[in-house]
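The values are calculated or read from the model by the stated rules, or taken from the named source; none is laboratory data. None of these values were measured; they are calculated from a predicted model. Note that each Cβ is placed from the backbone with ideal geometry, even for glycine, and that neighbours are counted across all protein chains shown. Surface areas here come from the heavy atoms of the whole protein model, side chains and all, with no ligands, DNA or RNA. Shrake-Rupley method; radii C 1.70, N 1.55, O 1.52, S 1.80 Å.
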Amino acid sequence: MSDEKTDIEIVIDAKSFNKRARSILSALKAQHKSEAENLFQSADVILIVIGNLSDANPYQKSSAIQQWLFGDECNDMLILITHDTFHIITGESNVARLEELKQTEKSIPIEIYARSKNSENDRTLFENVVNIIESTEEKRVGILPKDKFSGTFVQDWQAVYDSNKSNFHEVDVSLGLATLLATKDEEEQNAMRSACKVTSVFMKRAIEMLSGTIDDDRKMTHEKLTEDIDNIISDAKVWKEHRSVLQNIDANRMEWCYQPIIQSGGVYDLRPSASSNSNILHSGTILCSLGVRYKSYCSNIGRTIIIEPNKEQENNYNFLLELQRRILSTIRDGVKIRDVYNKALVYVRNKRPDLVKHFVKNIGSSIGIEFRESQYLLNAKNTQELKNGMILNLSIGFQDLSNPEANDEESKIYALLLIDTIKVTNDTPVMLTDVKKKLNDVCYYFSDDEAKEQNDTKDNPKPKRPEPKKPQKSAVLKTKFRSEEQGEETPEQRRKRHQKELAIQKQAEGIARFADGVDQQSNQRQAVFRKFESYKRDTALPKEAEQCNGQLNDLRLQIVVDLKNETIVLPIFGFAVPFHISTLKNATKTEEGEYVYLRLNFLTPGQATGKKEDMPFDDPNANFVRAVTYRSTDLYLSEIYKKILELKKAATKKEVERKEMADIIEQDKLAEVKGRRPQRLSEVYARPVMEGKRNVGELEIHQNGLRYQSSRSSQKIDILFGNIKHLFFQPCDNELIVILHIHLRNPIIIGKKKTKDIQFYREAADVQFDETTNRKRRYRYGDEDELGAEQEERRRRALLNKEFKMFAEKIAEASEGRVEVDIPFRELGFSGVPFRTNVLLQPTLECLVHLTDPPFLVITIADIEVAHLERVQYGLRNFDMVFVFKDYSRTPVHINTIPMEQLENVKEWLDNVDVSFTEGSVNLDWSKIMRTINADPAGFFKGKGWAFLQPDSEDEGSDVSSDDASEFMPSDDDYGDSSSDESSYDEEASEASVETESSDSAPDWDELEEKARRADERKQGIKRKEDQNPDRGNSKKYRR
């Protein structure tokens, strides 16, 4: 096949061309902006020259711009972009297509020149382009210096351009054009989603081929395997098997981004420019990466397959998975690229310093028409910011890792690689490639017993097909003695080790977060000074107050309470002085004889204030009036006092409502589906209820969100996908209702109240009334009828679960990856009291929830800083759990009265979701703790940090013993009174315990009977004394 591509006829989408071309013109016109200067170097024009296209170098920015504008690439084209016009020189076959762009509505100015076989005509066209450049003011020409093309067209142009080149000032505009290409519009994102779907299918097929090669013990080279995988793209069987996933994808627009890469046997290269060598596939660590290009847009994926990994390799791969999760949590709109890489490097350095030198130098790049957009490399130096809509090729790995437990020479060196294509959003990025990557999915093991039997037999020594390792679930101990398990790590030891690592990590993150004394991660708004203007001018004062301005001797001095302007007007030295009610701390009234005293205390800096008095001051060094006292014989002062209290109460209520609604944001409008009926879930109820009475309604899926419409009213609830943080589906198994629950990022108003949780449900229990006649159904009796009713109940519940789950998945699909369906794990649930009642709390993949009854509870695991278990001590039936959030301004959540039988399960769950937890024997005052931390968070982490929650074992033991003793300690009055039966028995018990501890052997039955006889005599003697002195006996106080 020739290296050069023939001339291609372009098919252009006029709408996309005009939109994208207009974005280039807008960027060129914005030369006064500093950002535009940095990106386009203040260029007057942009010059793009394309010669013969070659398969040897398909990814050049000039070709990418051509494909971005016109939808395809072609040979021999010159594009000159000025501030207002596109000038294009191309072949005659493309001129007619380009001329159509002029006829479209709102088209940009475009001039098209047709090439001919006459070289003189082409020279004339080139000279016209040079003249346009010379007519610019600064003659700054933006070029792409790294692009190199060959061919007669380029040579002829270069001859004309070089003769005038000395008059021009060339600047590199690669960064500016790369910025325009990096953010993908909806059409580009759809093409890349399709490319990622195909890539994921091909990767699954490639893994099957690799595992089959190992299973059959075939000797195949990496190059041969690459060739076989390369043929997947034309394998009709693969397309038929996955037609449900690959539907609406044109196979003719598909091609490989690069030849698939297979590596094994100790020789690994994690760079995207690597290639498969001629070595035989080795049954050890295998790296496989491939990428598909659809409609000119690239995708990429890479996976590691490990055969018979040891413990260290498993730990390293699990750490790689955790590292990818950490990196994904830092990628969002507005984040600088270098911060993403540096945070990943810090995480590796803190968690696994031994892997720092093995970590890759960059973790991928932006991807699109170009496979590797070099201006957006994800490395430690790139200062470019990520934008919503960018698509990234996230490639992380560790190379040149040593394996001291290797059985052969090829296994002594190995590498780990994990590649995925992701989309940047305003929040968590969306994973576009979907191939399993957990340890159980990529690791394969052989049975030692089976291998031994196969070695003993003389038949075909073919090994059994490797299967993913599955966790063992058994309560039976493998050994009888602890000494036999000294070499293995127990679950308790593993949990303690992991918690220790999490504690170290939290400490390091806290120090980095408050390195400069300022929270680098918080977007919490600081309290600002609020100016209150009661009156714009003195003429606006109430008429009653105007009488005392400067006329002390003529008119009465009056205190005026202006309810309309929320102001108290006080007479001070004959002048009416207004004080806004927000400046008033409190008011007191006292009566002494014939006088009534009214004291008004105001908020001033430096005074000891309560919790809610957090009012800032514009100038704390100014002079303030702290208190004013008035004395009068007029009882009207009492009426003034009542008015002030009413005004203060109303102002306080208004301020509380203002703060409560401060986090309410105005949602965008819901874009309704047009041209077809929206997908609906009918006959569902909504919580919270929009009106006083609940009504059934329908939940609809629209373009950018959901709408719930009640069937009996005009009220509706609109929920945008961008505001959905979590979507839960809770089946009706063991419940009375089936639930779709939505937890929002920002609260919305429903009725007159704000809420962050909206629930749609349908009752699953058998209704007692017939839907048609509203008459009570007749009960059926008999075993056969009851059995049929139970079967019908199970069938109906299964249908309900299926219907709601399918609708939840449709929501996730319509949201384009912004929303994922989460399902509670009932088997992991535990009971507790988060509010006032004991409920079942169920973990999900991302949260801890209670969804069955309001008030609902949704705690996002990613928002938790630490968890603390309280009242964990021997003898108690329950313990409490407190969640402290990363946002220290949030109040910690308490879950009380968790059964002690669930302690180990709770600990195991917290450890599995990487939540650092501690435990203590007493309840703590968390309001004071959080107030102390917020006062100086940097000093908190420079000290012990959260380690103060984990006291030393000696201190902890002393605390427990003191608590236990204090619970049963008699009062001081008891020591003064005579002893009772209880005290006698206590003494007897203490004597018996001393004797038992001091004796070498246990007493026999005769000794025990003798002690019991003496105890009875002593008891009877005490009883006779109490009968002789009944008053003294009744004065005894008993502690119950």
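I'm checking my understanding of the structure. Among residues of segment 735-746 that are out of contact with any Leu (no Cβ under 7 Å at 6 or more places or on another chain) and in a strand (DSSP E or B), which one is most open to solvent (accessible area, probe 1.4 Å)? Let's see the steps before the verdict.
Filtering segment 735-746 down to residues out of contact with any Leu (no Cβ under 7 Å at 6 or more places or on another chain) leaves 735-737, 740, 743-746.
Imposing the further condition that a residue be in a strand (DSSP E or B) reduces the set to 737, 740, 743-746.
Working: Ile737: 21, Leu740: 2, His743: 20, Leu744: 1, Arg745: 70, Asn746: 54 Å².
Step by step, filter segment 735-746, then rank; the result is Arg745.
Somewhere in segment 312-330, is a residue within 21 Å of Gln384 (Cα to Cα), open to solvent by 10 Å² or more (accessible area, probe 1.4 Å) and assigned to a loop (DSSP other than H, G, I, E, B)? No, segment 312-330 has no match at all. Could you look through segment 624-650, keep only residues that are closer than 13 Å to Val560 by Cβ and of a type in the set (A, V, I, L, M), and pick out the one that is farthest from the chain's Cα centre (by Cα)? Checking each candidate, the answer is Leu637. Residues in segment 885-907 that are touching a residue at least 60 places away in the same chain (Cβ under 8 Å) and in a strand (DSSP E or B): His894, Ile895, Asn896, Thr897, Ile898, Pro899. Taking residues in segment 853-873 that are at negative phi and among the polar types (S, T, N, Q), and partners anywhere that are part of a loop (DSSP other than H, G, I, E, B) and open to solvent by less than 20 Å² (accessible area, probe 1.4 Å), the pairs with Cβ atoms closer than 7 Å and at least 6 places apart or on different chains are Gln873/Ser921.
When Arg205 is tested against (1) touching a strand residue (DSSP E or B) at 6+ places or on another chain (Cβ under 8 Å); (2) open to solvent by 10 Å² or more (accessible area, probe 1.4 Å), just one condition goes unmet, and that condition is (1).
In this structure, Val922 qualifies as more than 32 Å from the chain's Cα centre (by Cα) and modelled with pLDDT of 90 or more. For the structure I just gave you, tell me whether Ile749 is crowded, with 16+ Cβ neighbours inside 10 Å and either in a strand (DSSP E or B) or at pLDDT 90 or above (or both). No. For Leu144, the stated conditions do not hold, so it cannot be described as open to solvent by 10 Å² or more (accessible area, probe 1.4 Å), closer than 24 Å to Asn75 by Cα and within 31 Å of the chain's Cα centre (by Cα).
Go over the candidates Pro899, Pro854 one by one and state the one that is at pLDDT 95 or above and either farther than 30 Å from Arg193 by Cβ or within 23 Å of the chain's Cα centre (by Cα) (or both). Walk me through how you get there before you give the answer.
Values: Pro854 fails: at pLDDT 95 or above.
The conditions single out Pro899.
Within segment 657-687, track down each residue that is surrounded by fewer than 16 Cβ atoms within 10 Å (Cβ to Cβ), under 19 Å from Ala764 (Cα atoms) and touching a residue at least 60 places away in the same chain (Cβ under 8 Å). Result: Glu683, single match. From the residues in segment 104-125 that are over 18 Å from Val154 (Cβ atoms) and touching a His at 6+ places or on another chain (Cβ under 9 Å), which one is most open to solvent (accessible area, probe 1.4 Å)? Per the criteria, the residue is Glu111. Considering segment 583-634, the residues that are more than 24 Å from Phe573 (Cα to Cα) and among the aliphatic types (A, V, I, L, M) include one that is modelled with the lowest pLDDT, namely Ala608. The set of residues in segment 787-801 that are farther than 15 Å from Glu763 by Cβ and surrounded by 12 or more Cβ atoms within 10 Å (Cβ to Cβ) comprises Gly788, Ala789, Ala798. Inside segment 701-716, residues that are open to solvent by 10 Å² or more (accessible area, probe 1.4 Å) and closer than 21 Å to Glu763 by Cβ make up a count of 4.
Here Ser289, Ser273 are screened, and the one residue that is open to solvent by 40 Å² or more (accessible area, probe 1.4 Å) and within 37 Å of the chain's Cα centre (by Cα) is Ser273.
Results for (1) within 16 Å of Asp172 (Cα to Cα); (2) at pLDDT 90 or above, shown as yes or no for each residue.
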site	(1), (2)
Ile46	yes, yes
Ser54	no, no
Pro58	no, no
Ser63	no, no
Leu78	no, yes
His87	no, yes
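If you go through segment 334-373 and keep only what is open to solvent by 50 Å² or more (accessible area, probe 1.4 Å) and over 25 Å from His498 (Cα atoms), you end up with Lys336, Arg338, Asp339, Lys361, Asn362, Arg372. In segment 916-934, the residues that are within 27 Å of Arg495 (Cα to Cα) reach residues that are open to solvent by 10 Å² or more (accessible area, probe 1.4 Å) and small (Gly, Ala, Ser) with C-beta atoms within less than 8 angstrom, at least six apart or across chains, in these pairs: Ser916/Ala503. Could you please find all residues in segment 710-726 being of a type outside the set (A, V, I, L, M) and at pLDDT 90 or above? If the condition is that a residue be of a type outside the set (A, V, I, L, M) and at pLDDT 90 or above, then Asp718, Phe721, Asn723, Lys725, His726 are the ones that fit.
Inspect all residues belonging to segment 236-253 and state whether any of them is of a type in the set (A, V, I, L, M, F, W, C) and either in a strand (DSSP E or B) or in contact with a Cys (Cβ under 9 Å, 6 or more places away or on another chain) (or both).
The answer is no; no qualifying residue exists.
Being crowded, with 21+ Cβ neighbours inside 10 Å and closer than 17 Å to Asn231 by Cβ: is that true of Pro260 here?
Numbers: crowded, with 21+ Cβ neighbours inside 10 Å: yes; closer than 17 Å to Asn231 by Cβ: yes.
Criteria met by Pro260.
Keeping to segment 241-253, report how many residues are open to solvent by less than 80 Å² (accessible area, probe 1.4 Å) and under 34 Å from the mean Cα position of the chain (by Cα).
Going through segment 241-253 one residue at a time, the tally reaches 4.
Going residue by residue through segment 147-160, is there one that turns out to be in contact with a strand residue (DSSP E or B) (Cβ under 7 Å, 6 or more places away or on another chain), more than 28 Å from Leu39 (Cα to Cα) and hydrophobic (A, V, I, L, M, F, W, C)?
First, the residues of segment 147-160 that are in contact with a strand residue (DSSP E or B) (Cβ under 7 Å, 6 or more places away or on another chain): 149, 154, 157.
Next, from what is left, pick out any that are more than 28 Å from Leu39 (Cα to Cα): none.
No, every residue in segment 147-160 fails to be in contact with a strand residue (DSSP E or B) (Cβ under 7 Å, 6 or more places away or on another chain), more than 28 Å from Leu39 (Cα to Cα) and hydrophobic (A, V, I, L, M, F, W, C).
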